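The values are calculated or read from the model by the stated rules, or taken from the named source; none is laboratory data. Just so you know, these numbers come straight off a predicted model, no measurement behind them. Please note: Cβ atoms are built from the backbone with ideal geometry, for glycine as well, and neighbour counts cover all protein chains shown.
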Amino acid sequence: MKKILLFAITFLALDSFGQTQIEPFAPSVPGTYIGGFGSVAVLASVPGTTAWTVEGSGTGSYPFVGDDGATVFGYTGSVGNYCAVGLSLGSTLTLVSPEMNFGVNTNNPTLTFKWGQSQLFSGLPGYYNAQQLEVLYKEGSGGSWNVLTTITTIDAAYSWHNEIVDLSAVSDFSALYIGFRVTCNTPGLLYPTFDYGETVIDEIVVTGTSTCTNTTNSFSVNTCGSYTVPSGDETYNTPGTQTVMDTIPNTAGCDSVLTISLTLKAHTANSITETACFSYTVPSGDETYTTVGTQTVMDTIQNVAGCDSVLTINLTINSVDTSLTINTFPITANATGAAYQWLEGCDSSPSSISGETNQSFTPSDFGWYSCEVTQNGCTDTSTCYYFEWEGIDENNQSFDIYPNPSKGSIILDLNSIQGLQTMTIADMNGKIVVHDQINGGSQINYSLNLENGIYIISLVDNEGIIRRSKLIIE
C-alpha cells in the first residue's frame, strides 16, 4: 500500500495574474486577507491552482495533489478543501506562494495557518510517518529562502493545529514569497516498514495594520479639449463643469484623495473664404501666402473660450498685369478687362493725367510716365519709363563720353554747356536706370553698374533743351 502525505492551503485574496495585492492593509479596509484552495467556482477571487509552484526533488504518489484530484496544489476531501502532499522517506518539497505585495505601510504583519496530519482524514492512523514542516519567506523571485519557524508534525490525535508566525523579520514587502517546505524523515509510527508520510495545510491568513495617514486635496482645472487625472486612470472629454475624484500616493506613500473641480472647454472648427491682392497673411500671422490662384490653407487661432479654433481658409490671391508695350506709340498697357490711369512723374507721388484712362496713351511731351492698373479688384502701378520725341543727333551731341564702349566707369565732358540740371540714362526700352542732378562743372565721373547693352544718356538744361548720346556697356 502506498503511503500519502497531505498538505492543504487556502488563499482568497490572490489576483488572477499571479500576484497578491495586499497593500494597503488597513487605510480603507482594515482586517484580514485570506488565501486558500477552495473551489474556484465558488470563490471567484481565488486564482487557479497554477498560481502556486513547487521547488524540490521529492518523490511520492501525491506531490501536492490538486483540488480536483489530478492537478497540483489542492485536494477536496471529506473535511473540505485543502492542499495535501505525499512524500517518500528522505524527500523534500516546497510549496511556493504567488508573489505578494504588502506595500510600504505595513505594521505588525502576521501569518496564520492550520496544519495537521491527514491520517485522521484518510482513515489509516499509524500508517504514516511524522513530517518536518518549515515556514519560509524570500524577498523577490531571485531571493534566498529564510526560515520563519520549524514544526515537527508528531501528533497522536492527528487533529488540526493553528499556527501564528510573526512576519516582522521581512524587510521588503513589495515582492514577498511565502513557502511551506515539507520533509519526510521518519518512518510510520505503527507500521515502520511504510516509508511514506503526509501533511495537510489550510486557511492561510495574513493580517496587519496600516501606518498610513491618508490626505485630501481640492483644486480647480480649467482646460480645453480633454483632461486626464493625475493618476492617469481616467480621461474626461465632455465640455462643461463637473467634479471628479482621483487617488494618488502622497509623500508618505498613502492615499491622497483629490477632489477636482473640472471645467472643460471645447475646441472649434470653422471655414472662411478670403480674396487677397498679391499676398495673404493668415489670422494668426504665422504664414503668408503669395501664390496666385485658388487654394485651401489651414490656420489655428484662439476662440472666444480661449481654446483652439481650427480655420479652413478657401483662399484666392489675385494679381495685376502691369506690363506695358513701349516700343511703339501709343504706349499700351497689356492688362485686359482692367481700369487704367496714366501717371506722370517717377517720384513717390506721381500726378494723374486728366482724362487719360484708356488702355493706350500717347505722351504730349517728353518725361517720365507710368500706368496705374486696376484688375481683379487689385491695383498696381507699372514701371516708370522716360519718353522723348526727338531722335539722337550723334553729329551734334554737344558733349562727349569716354571711354565708349565702357566697362562701367565713364567721364562726361560737358564742353562748357551751361545751365545743365539733370542727367538720365535709359535702356533701349526707355526704362530709366540712372537719374542724377547736375550741379555744374565741365566734367562728371560716373561708375555705373549696368548690364551689357546700348543705353541713351540725356542731359537737360534749365531751358528744357535736351542733349543725347549713346553709351555702350560691354
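Structure data summary
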quantity: Among the candidates THR275, THR288, THR300, residue that is surrounded by fewer than 12 Cβ atoms within 10 Å (Cβ to Cβ) and among the β-branched types (Val, Ile, Thr); calculated: THR288
quantity: Single residue of ASN327, ASN314 found to be loosely packed, with under 14 Cβ neighbours inside 10 Å and closer than 30 Å to VAL433 by Cα; calculated: ASN327
quantity: Residue ID - farthest from GLY408 (Cα to Cα), chosen from residues in segment 433-465 that are of a type in the set (Val, Ile, Thr) and surrounded by fewer than 17 Cβ atoms within 10 Å (Cβ to Cβ); calculated: ILE465
quantity: Among the residues listed as ASP321, ASP246, ASP233, the single one being of a type in the set (D, E, K, R), over 27 Å from VAL373 (Cβ atoms) and part of a loop (DSSP other than H, G, I, E, B); calculated: ASP233
quantity: Positions within segment 106-136 being at pLDDT 75 or above and either within 21 Å of SER91 (Cβ to Cβ) or surrounded by fewer than 21 Cβ atoms within 10 Å (Cβ to Cβ) (or both), in sequence order; calculated: PRO109, THR110, LEU111, THR112, LYS114, TRP115, GLN132, LEU133, GLU134, VAL135, LEU136
quantity: Of all residues in segment 406-428 being exposed (fewer than 11 other Cβ atoms within 10 Å of the Cβ) and assigned to a loop (DSSP other than H, G, I, E, B), the one that is farthest from the chain's Cα centre (by Cα); calculated: SER416
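To keep it simple, each residue is scored yes or no on (1) within 19 Å of CYS307 (Cα to Cα); (2) assigned by TED's automatic domain parsing to the domain that holds GLN302; (3) without any contact (Cβ under 8 Å) to a residue 60 or more places away in the chain.
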| site | (1), (2), (3) |
| --- | --- |
| GLY225 | yes, no, no |
| THR228 | yes, no, yes |
| ASP233 | no, no, yes |
| PRO239 | yes, no, yes |
| THR243 | no, no, yes |
| ILE248 | no, no, yes |
| VAL257 | no, no, yes |
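For (1) at pLDDT 95 or above; (2) in a loop (DSSP other than H, G, I, E, B); (3) closer than 30 Å to PRO363 by Cβ, each residue gets a yes or a no:
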| residue | (1), (2), (3) |
| --- | --- |
| ALA252 | no, yes, no |
| THR259 | yes, no, no |
| GLN295 | yes, no, no |
| GLY306 | no, yes, no |
| LEU311 | yes, no, no |
| ASN327 | no, yes, yes |
